[in-house]
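Enquirer: Before I ask anything, here is the structure I am working with.
The values are calculated or read from the model by the stated rules, or taken from the named source; none is laboratory data. Given the structure is predicted, the values throughout are model-derived calculations rather than measurements. Neighbour counts are summed over all protein chains in view; Cβ atoms, including those assigned to glycine, are modelled from backbone coordinates with ideal geometry.
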Amino acid sequence: MLTLSHPHLFLLPPLGGGKPLEEALVLFRERLSKDPFLSLVEWEEVLLGGKGTLSIGVEAVRKLQSWLTLAVPDRRWRVVLFWQAQLLTRQAANALLKVVEEPPEKTLFLFLSTRLEALPATLRSRCVVWRFPPLSAQQLQALAGQPPSAPLLTMAEGRYSRLKRLLAPEQEPYVQALRDWLRGLFRLEDPSRLRAAIETLLTAPRLPELLLMGISLVRAHPELSLAQKTWTIEALLHLADELEAHLNPPLLLWEATLRLQARLRESHPTLEGLLHEAVF
């Protein structure tokens with residue numbers, strides 16, 4: 001079980017790129033046994049090199065159904081673990097309904113997901129939901145082995161896998177550029193710093209993900225009004241979606257910057273000095 005290779009354990013991670021389940025499981029067992037906090041982004045990079053989409057498809061579910069028909073010696077328990085179950089395709093989820101509703105004897109299904117609402121209601125209704133709270137700042141610090149800064153803890157949102165990525169040395173310039181860009185949205189002075197921040201952000205390997213992590217900084221800021229937070233969060237969500245579509249990143253980022261600056265300053269003409277370094 002420590003190596004996730006027990007014959008009574010069936011793992012179903014998301015797949016992609018035409019990789020067969022057996023080949024992917026070799027990589028998955030190796031990574032997950034070494035790092036229980038393996039993130040979906042890291043798994044995507046391991047399996048697909050960061051290029052492509054992942055899903056748990058109907059072919060994997062059919063292999064599971066074949067496995068469940070095998071005889072079990074000594075009437076032992078079997079465990080089926082769906083990792084990142086929110087990536088089940090609709091066809092795969094439909095194929096699972098009957099076996100989850102009437103499971104074989106001594107068979108336990110675990111659907112591990114970061115987005116419960118993404119699982120079909122028909123599947124959720126057949127399960128008991130256990131909610132795991134985000135890790136505390138103290139737990140994150142203990143896992144990291146170092147005291148992360150307040151902005152990094154805020155951006156991690158209780159997730160060690162996210163904090164681990166933020167603490168990587170290669171991420172430091174991009175995180176700093178994000179903070180400079182957010183500060184620049186609310187300030188009239190030093191346009192060169194804002195320009196430098198945008199130029200650095202445009203080189204970030206996963207800019208949409210970084211922008212989405214910036215939402216937590218906006219949401220947690222004690223001095224921004226609800227309207228300011230709403231406008232900024234909406235702009236970040238919209239910008240991340242457009243960047244995911246691989247449109248013109250420089251144009252999108254500059255347009256979003258100028259548009260949001262104009263809206264924020266129109267309603268609040270004296271915002272200079274409002275934001276604290278401890279948050280942004």
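Enquirer: Kindly indicate which of Ala220, Ala142 is of a type in the set (A, V, I, L, M), free of Cβ contacts under 8 Å to residues at least 12 places away in the same chain and farther than 21 Å from Leu40 by Cα.
Expert: The conditions single out Ala142.
Enquirer: Scanning the stretch 199-222 for residues that are more than 14 Å from Leu243 (Cα to Cα) and of a type in the set (A, V, I, L, M), which turns out surrounded by the most Cβ atoms within 10 Å (Cβ to Cβ)? Give the derivation first.
Expert: First pass over the stretch 199-222, keeping only residues more than 14 Å from Leu243 (Cα to Cα): 199-200, 213-222.
Those still in the list that are of a type in the set (A, V, I, L, M) too: 213, 215, 217-218, 220.
Values: Met213: 23, Ile215: 18, Leu217: 20, Val218: 21, Ala220: 17.
Among residues in the stretch 199-222 that are more than 14 Å from Leu243 (Cα to Cα) and of a type in the set (A, V, I, L, M), the one surrounded by the most Cβ atoms within 10 Å (Cβ to Cβ) is Met213.
Enquirer: Sticking with this one: State the number of residues belonging to the stretch 132-173 that are assigned to a loop (DSSP other than H, G, I, E, B) and within 27 Å of Pro208 (Cβ to Cβ).
Expert: Adding up the residues that qualify gives 10.
Enquirer: Looking at the stretch 135-192 only, could you name the residues that are assigned by TED's automatic domain parsing to the domain that holds Leu236, among the small types (Gly, Ala, Ser) and at pLDDT 90 or above?
Expert: Correct list: Ala177 only.
Enquirer: When you go through Leu81, Leu48 one by one, which is the residue that is touching a strand residue (DSSP E or B) at 6+ places or on another chain (Cβ under 8 Å) and closer than 30 Å to Leu143 by Cα?
Expert: Going through Leu81, Leu48 in turn, the sole match is Leu81.
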